[in-house]
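For reference, the structure is listed below as structure tokens.
The values are calculated or read from the model by the stated rules, or taken from the named source; none is laboratory data. Quantities reported herein were computed from a predicted structural model and do not represent experimental measurements. As a convention, Cβ positions derive from the backbone with ideal geometry for all residues, glycine included, and neighbour counts pool all protein chains shown. Remember, those area values only see protein heavy atoms, side chains included, never the ligands or the DNA or RNA. Shrake-Rupley method; radii C 1.70, N 1.55, O 1.52, S 1.80 Å.
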There are 2 protein chains.
Amino acid sequence: MHRVKVRVVEDALDANNTIARANRADFDRAGVRVVNLMSAPGAGKTTLLERVVGSLDGLRAGVLEGDVQGSYDADRLASLHVPVTQINTDPGFGGECHLDANMVRSALPAVSLESLDLLVIENVGNLVCPAEFRVGEDARVMVSSITEGEDQPLKYPLMFRTCELVLVNKIDLLPHLDFDLEKFLHNLDAVNPGVARMLVSARTGEGVEGWRDWLQELGARPEVPA
Amino acid sequence: MHRVKVRVVEDALDANNTIARANRADFDRAGVRVVNLMSAPGAGKTTLLERVVGSLDGLRAGVLEGDVQGSYDADRLASLHVPVTQINTDPGFGGECHLDANMVRSALPAVSLESLDLLVIENVGNLVCPAEFRVGEDARVMVSSITEGEDQPLKYPLMFRTCELVLVNKIDLLPHLDFDLEKFLHNLDAVNPGVARMLVSARTGEGVEGWRDWLQELGARPEVPA
């Protein structure tokens, strides 16, 4: 029984990867660089996007917004005059806890890829399942709020291991928490040695220029990364 | 295709509910009241348990600890001399994002139900999928950290709707956040009108006596709630 179950799951991930490659081919053809932005609920993905997405030099940026239900984040971003497309996952299974490649693909007709240089896909707030599903992205960025504690990289290793950049958010709260930053960074290096990381505060704006520059560089990149 | 998929999912939830009823029957037979404790990652479930689980009057409490990987939380609780059983979900699907009834059932041989009055099942940190899966609990408690923002009840409605008690945690950070408590409580009442809620700080201990009393009352209850 167990072996059958595993095979079905592998088939599902195979199918996901096939569709993710098709998405990626479409993105590359249109010259759009794509970021898959992930975090636990309430870690600050949307506010970190609000901080930078309107101030990218000469880059046309859009957002694909994944939520179980509602369009609270999409409405916030749309008010910045950034093109936003909403994906709601609630028709499936009382609310899917992640975006997969096919959900993203089904939204692409509503996204005008030809008019974009950079597309940020804001995933559903969850530290487990989104890490399993490639959606065709060039890079994965995760936001880890220091309010979540030092042990998150050890408890949710796949998410921390499969991203290219970790935004360590809410550092304005450092004086008010029993949070050991050195220990967190040690745990991060234990699961993803040397991964790029930035200390930021979406609330005060501290450190967000580095995040902006990172997006700027990715979006301006003419070649597909190796 | 879509209809077939839905039917399979319903079958899976049917099977889960069947096993959850079997778990519940075992709990009732042993006279153990069971809490399913849920939250986003890093919201403070373990610290809130540490605060109270050793100080329940005349109640023998145990913990079933669900994590994708590792035993960081279980080790913390075991140091309080509380019987703790670890469930790791990582053998399934690269890490299941929730506990289901069968995972709990498979752990029961390691839990000495006869020697307990109260069992707290600490679920995997996730605001979506754990809400779908009953595990045989008497009551569902969720922890919502104010660092996650006011809109969490609207964005993750099933979780907030299906719980009997909401612990609004980290209120010691209220002076340091742009968090509108009234708005959060309004959103909470919009999805689960009048649900019991307590403002607590796992860090300072503020309000945790109410949480302790709530567990005490549940654990001392001789009858199965209607």
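Each row is one residue, and each column tells you yes or no for (1) over 24 Å from B:Arg134 (Cβ atoms); (2) of a type in the set (Lys, Arg).
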{"position": "B:Asn169", "(1), (2)": "no, no"}
{"position": "B:Pro175", "(1), (2)": "yes, no"}
{"position": "B:Lys183", "(1), (2)": "yes, yes"}
{"position": "B:Asn187", "(1), (2)": "yes, no"}
{"position": "B:Met198", "(1), (2)": "no, no"}
{"position": "B:Glu217", "(1), (2)": "no, no"}
Original post:
Restricting the first residue to segment B:50-72 and requiring it to be at positive phi, which pairs with a second residue that is crowded, with 16+ Cβ neighbours inside 10 Å meet a Cβ separation below 7 Å and a spacing of at least six or different chains?
Top reply: B:Gly70/A:Leu154; B:Gly70/A:Lys155
Original post:
What residue, of B:Gly125, B:Gly136, is touching a residue at least 24 places away in the same chain (Cβ under 8 Å), of a type in the set (Gly, Ala, Ser), within 11 Å of another protein chain (Cβ to nearest Cβ) and in contact with a helix residue (DSSP H, G or I) (Cβ under 9 Å, 6 or more places away or on another chain)?
Top reply: B:Gly125
Original post:
Where residues in segment A:24-44 are open to solvent by 10 Å² or more (accessible area, probe 1.4 Å) and outside any loop (DSSP other than H, G, I, E, B), which of them is farthest from B:Gly149 (Cα to Cα)?
Top reply: A:Arg29
Original post:
A:Glu164 passes all but one of (1) farther than 26 Å from B:Asp75 by Cβ; (2) within 13 Å of another protein chain (Cβ to nearest Cβ); (3) open to solvent by 10 Å² or more (accessible area, probe 1.4 Å); which number fails?
Top reply: (2)
Original post:
Given the conditions (1) within 14 Å of chain B (Cβ to nearest Cβ); (2) part of a helix (DSSP H, G or I); (3) within 24 Å of A:Asn17 (Cα to Cα); (4) open to solvent by 10 Å² or more (accessible area, probe 1.4 Å), and given that A:Pro130 satisfies all but one, which numbered condition is not satisfied?
Top reply: (4)
Subject >> Only one of B:Leu158, B:Leu173, B:Leu188 that is at pLDDT below 95 and either part of a helix (DSSP H, G or I) or more than 12 Å from every other protein chain (Cβ to nearest Cβ) (or both) >> reply: B:Leu158
Original post:
Here are some conditions: (1) more than 14 Å from chain A (Cβ to nearest Cβ); (2) assigned to a helix (DSSP H, G or I). B:Leu119 meets all but one. Which one does it not meet?
Top reply: (2)
Subject >> Check on B:Val143, among the β-branched types (Val, Ile, Thr), open to solvent by less than 20 Å² (accessible area, probe 1.4 Å) and assigned to a loop (DSSP other than H, G, I, E, B) >> reply: no
**OP:** For A:Thr47, work out the one condition from (1) open to solvent by less than 30 Å² (accessible area, probe 1.4 Å); (2) under 20 Å from A:Asp213 (Cα atoms); (3) part of a helix (DSSP H, G or I); (4) of a type in the set (S, T, N, Q) it doesn't fulfil.
**Re:** (1)
Original post:
Can you pull out the residues in segment B:51-101 that are away from every other protein chain (no Cβ under 13 Å), open to solvent by 10 Å² or more (accessible area, probe 1.4 Å) and part of a helix (DSSP H, G or I)?
Top reply: B:Arg51, B:Ala78
Original post:
Is segment B:191-208 home to any residue that is within 14 Å of another protein chain (Cβ to nearest Cβ), under 30 Å from A:Pro157 (Cα atoms), in a helix (DSSP H, G or I) and out of contact with any strand residue (DSSP E or B) (no Cβ under 8 Å at 6 or more places or on another chain)?
Top reply: no
